[in-house]
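So the structure is just underneath, and the comments pick up after that.
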Amino acid sequence: MTTYTGGCLCGQIRYAFDAEKLEGGSCYCRDCQRATGSPMTTVTMTDTLRVSGETRTYSLQSAADRTVTRHFCPTCGSQLFTDAEMVPGARFVKCATLDDPSALNPMANYWLSAAADWAPVDRSLACFAENPGE
C-alpha cells in the first residue's frame, strides 16, 4: 500500500490517501469542463481520503440526474475532490492536485460524447460515450 498526497494551489488544504495502484480516468462531461475550465478532468477513486483544512462545496444534479458535490479550496479555488451519489463512500480525487501527478496510471476516458473536437484524447485507453452502464 502506498500513501499518495496532494493539495491546493495556496497550500491551505492538504490530503492523503492509500492505494495499491494509482489508477484513474478522464471525464469529458460538460460539468467537468465548466468546473475546471479545461477539456476534461482526470480523477482517481478512493475511500481512504484524509483531508486537512476545510473545503467549500458546490453540488448539482449530473446529466444522469444524480447529485455530484465538488470540494474546493475557499481561498485559491482549486478543485480537489468530488463526491458522487452514484458511488457512495468513494471520493474522486483530481489527479492534477497530487504532489506527483505522474504516479497515475490512466485507464479510461468517459463522456467522450461531450468532448470538444480539439480536446486531447488518448484513444489507446478504454473509451466510453458516457459512463459505462448508463
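All of the numbers you see were taken from the coordinates with simple rules; none came from a lab. Worth saying up front: this structure is predicted, and the values here are computed from it rather than measured. Here Cβ is always computed from backbone atoms with ideal geometry, including for glycine, and neighbour counts include all displayed protein chains.
Per-structure values
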read-out	value
GNM flexibility winner over the chain from Asp65, Asp122, Asp100 (Cα, springs under 10 Å)	Asp65
Candidates Val43, Val121, Val87: whichever shows maximal mean-square fluctuation once the chain is modelled as a Gaussian network with Cα springs under 10 Å	Val87
Label-to-label distance, nm, for residues given as Leu9 and Ala129 (7 Å Cα→Cβ offset)	3.7 nm
Reciprocal of mean inverse Cα separation for the stretch 2-127 (Kirkwood radius, Å)	14.8 Å
Helical mean residue ellipticity (222 nm; -39500 (n - 2.57) per DSSP H run of 4+; nearest 500) of the chain	-1500 deg cm²/dmol
Charged-residue dipole, Cβ positions (Lys, Arg, Asp, Glu), the chain about Cα centre, Debye nearest 20	320 debye
Longest exposed-site-free window of the chain, the sites being trypsin sites (Lys or Arg not before Pro) in a DSSP loop that have at most 16 other C-beta atoms within 10 Å	67-122
Pairwise FRET efficiency - Trp118 versus Arg50, Cβ, R0 = 35 Å, nearest 0.05	0.40
For the stretch 2-127: relative contact order, % (alpha-carbon pairs under 8 angstrom, 6 or more apart)	30 percent
